[in-house]
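The values are calculated or read from the model by the stated rules, or taken from the named source; none is laboratory data. All values reported here derive from a predicted model rather than from experimental measurement. So basically every Cβ, Gly included, is an ideal-geometry build from the backbone, and we count neighbours across all protein chains shown. For the accessible areas, the whole protein counts, side chains as well, though only heavy atoms, and no ligand, DNA or RNA atoms are used. Shrake-Rupley method; radii C 1.70, N 1.55, O 1.52, S 1.80 Å.
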Amino acid sequence: MLKAAALTAAAGFPACAFAADEAPAAPAGSASDPWRGLKVGVATYSFRKLPLDACIKGIQRVDLHFCSIKEFHLAMTSTTAERKAVAQKFKNAGITPLSCGNITLKNDEAKSRIAFEYVRDIGAPTMVCAPDPDALPMLEKLVKEFDIKMAIHNHGPESPHFKSPNDVWQAIQNLDPRVGFCIDVGHTARAGSDPAEAILNFKDRLYDCHFKDISDVHGKNGKVEVEVGRGVLDVPAMLRSLVKIGFQGHVGFEHEKTPEDPLPGLAESVGYTKGILRQLA
């Protein structure tokens, strides 16, 4: 749902029961948890122009405790020891890495294996990724071997494939259930689908969510991303869907605007979202 534009909702897809996993969350609506049981954090892509220590301090400043690690803060060429050290640095700061990515995966098993080892060494349960469609059979094999969830990120109308969650579903519905979705709510809307409906439709294989707002569903991504609450997306509807399914994957703020100084916009987005959650029935 949008505040100022109607979108074509995803339809005709199975809505199976969601299976919660990984770290426990506080009871929804408890006084100690303003996030209603959601694991809300930050995709560190938001801090892509800043070093690791500044990224960690920024996440602490907005009082969030989960993250999705992007390669800007830990190179794919890093050693196992370096990966474990960076993961521990986040944990020591009170931030749990729930996923890594977005990671591009070509139809190259040796390089894809390195990506799975990277996620395994960090200790995250999920890889957010952008795979080549013809690589999916090989990647399914690695998913089974490593027991790591593969959350395919939809990239909007400019992408040659996987524009919306519907496109992802068409490609993965017969694959191992650990192959699922990272729904980017902004790209989903720009691709003509309703993000709140997509969350409900694909709840059983939704493993990560990039949370943001946009000013225009017809605009290019880099020009329309805005602070949450300033755009046209129906933020209450998206949050209501996430709470309804008891989503236990990462809900990561991906603040793409002002990468040199993301903290003010991220803080505004966090505050607005927290306020909306408090008002949800």
Sole exception among (1) closer than 21 Å to Pro51 by Cα; (2) surrounded by 13 or more Cβ atoms within 10 Å (Cβ to Cβ) for Cys129, by number = (1)
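Is it the case that the range 176-188 has a residue that's at pLDDT 95 or above, polar (S, T, N, Q) and over 15 Å from the mean Cα position of the chain (by Cα)?
The first filter runs over the range 176-188 and keeps only residues at pLDDT 95 or above, leaving 176-188.
Narrowing the set further to residues that are polar (S, T, N, Q) leaves 188.
Those left that are additionally over 15 Å from the mean Cα position of the chain (by Cα): none.
Scanning the range 176-188, I find no residue that is at pLDDT 95 or above, polar (S, T, N, Q) and over 15 Å from the mean Cα position of the chain (by Cα), so the answer is no.
Of the residues that make up the range 212-235, is at least one under 14 Å from the mean Cα position of the chain (by Cα) and over 21 Å from Val168 (Cβ atoms)? Give the steps one after another, and end with the answer.
Step one: list which residues in the range 212-235 are under 14 Å from the mean Cα position of the chain (by Cα), which gives 212-213.
Now drop any that are not over 21 Å from Val168 (Cβ atoms), which leaves 213.
There is at least one residue in the range 212-235 that is under 14 Å from the mean Cα position of the chain (by Cα) and over 21 Å from Val168 (Cβ atoms).
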Phe181 versus (1) open to solvent by 20 Å² or more (accessible area, probe 1.4 Å); (2) closer than 14 Å to Cys129 by Cβ; (3) touching a Lys or Arg at 6+ places or on another chain (Cβ under 7 Å): which is the lone unmet condition?
-> (1)
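Just give me the residues in the range 260-281 being in a loop (DSSP other than H, G, I, E, B) and either under 25 Å from Phe202 (Cα atoms) or within 18 Å of the chain's Cα centre (by Cα) (or both), in sequence order. Write out each step before concluding.
Quick first cut of the range 260-281, residues in a loop (DSSP other than H, G, I, E, B) only: 260-262, 280-281.
Within the range 260-281, Pro262, Leu280, Ala281 qualify.
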For the range 74-107, how many residues are of a type outside the set (S, T, N, Q) and open to solvent by 50 Å² or more (accessible area, probe 1.4 Å)?
-> 7
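Quick check on the range 35-62: of everything there that is free of Cβ contacts under 8 Å to residues at least 60 places away in the same chain and either closer than 16 Å to Phe253 by Cα or within 16 Å of the chain's Cα centre (by Cα) (or both), which residue is most open to solvent (accessible area, probe 1.4 Å)? Before the answer, list the steps.
Filtering the range 35-62 down to residues free of Cβ contacts under 8 Å to residues at least 60 places away in the same chain leaves 44, 51-57, 59-60.
Going one step further and asking which of them are either closer than 16 Å to Phe253 by Cα or within 16 Å of the chain's Cα centre (by Cα) (or both), we end up with 44, 55-57, 59-60.
Values: Thr44: 0, Cys55: 0, Ile56: 11, Lys57: 132, Ile59: 0, Gln60: 87 Å².
Filtering the range 35-62 for residues that are free of Cβ contacts under 8 Å to residues at least 60 places away in the same chain and either closer than 16 Å to Phe253 by Cα or within 16 Å of the chain's Cα centre (by Cα) (or both), the one most open to solvent (accessible area, probe 1.4 Å) comes out as Lys57.
Table: residues versus (1) among the small types (Gly, Ala, Ser); (2) open to solvent by less than 10 Å² (accessible area, probe 1.4 Å); (3) under 18 Å from Asp63 (Cα atoms).
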residue	(1), (2), (3)
Tyr207	no, no, no
Phe211	no, yes, yes
Ile214	no, yes, no
Gly229	yes, no, no
Pro236	no, no, no
Phe253	no, yes, yes
Thr258	no, no, no
Arg278	no, no, yes
How about the range 206-238: which of its residues are touching a Phe, Trp or Tyr at 6+ places or on another chain (Cβ under 8 Å) and hydrophobic (A, V, I, L, M, F, W, C)?
-> Leu206, Cys209, Phe211, Val228, Val235, Met238
Subset of the range 133-161, residues open to solvent by less than 10 Å² (accessible area, probe 1.4 Å) and at positive phi, comes to Gly156
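Look at Val228 and say whether it is closer than 14 Å to Glu254 by Cα, modelled with pLDDT of 95 or more and outside any strand (DSSP E or B). Reasoning before the result, please.
Working: closer than 14 Å to Glu254 by Cα: yes; modelled with pLDDT of 95 or more: yes; outside any strand (DSSP E or B): yes.
Yes, satisfied.
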Is it the case that Glu117 is closer than 17 Å to Gly101 by Cα, acidic (Asp, Glu) and out of contact with any strand residue (DSSP E or B) (no Cβ under 6 Å at 6 or more places or on another chain)?
-> yes
Pairs where the first residue, in the range 227-245, is under 15 Å from Lys274 (Cα atoms) and the second is open to solvent by 10 Å² or more (accessible area, probe 1.4 Å) and modelled with pLDDT under 95, C-beta under 6 Å, 6+ apart = Asp234/Met1; Asp234/Leu2; Asp234/Lys3; Ala237/Met1; Arg240/Leu280
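Please verify whether Ala267 is of a type in the set (Gly, Ala, Ser), closer than 22 Å to Phe181 by Cβ and buried (at least 16 other Cβ atoms within 10 Å of the Cβ), treating the condition exactly as stated.
On the way: of a type in the set (Gly, Ala, Ser): yes; closer than 22 Å to Phe181 by Cβ: no; buried (at least 16 other Cβ atoms within 10 Å of the Cβ): yes.
Spelling it out, it is not the case that Ala267 is of a type in the set (Gly, Ala, Ser), closer than 22 Å to Phe181 by Cβ and buried (at least 16 other Cβ atoms within 10 Å of the Cβ).
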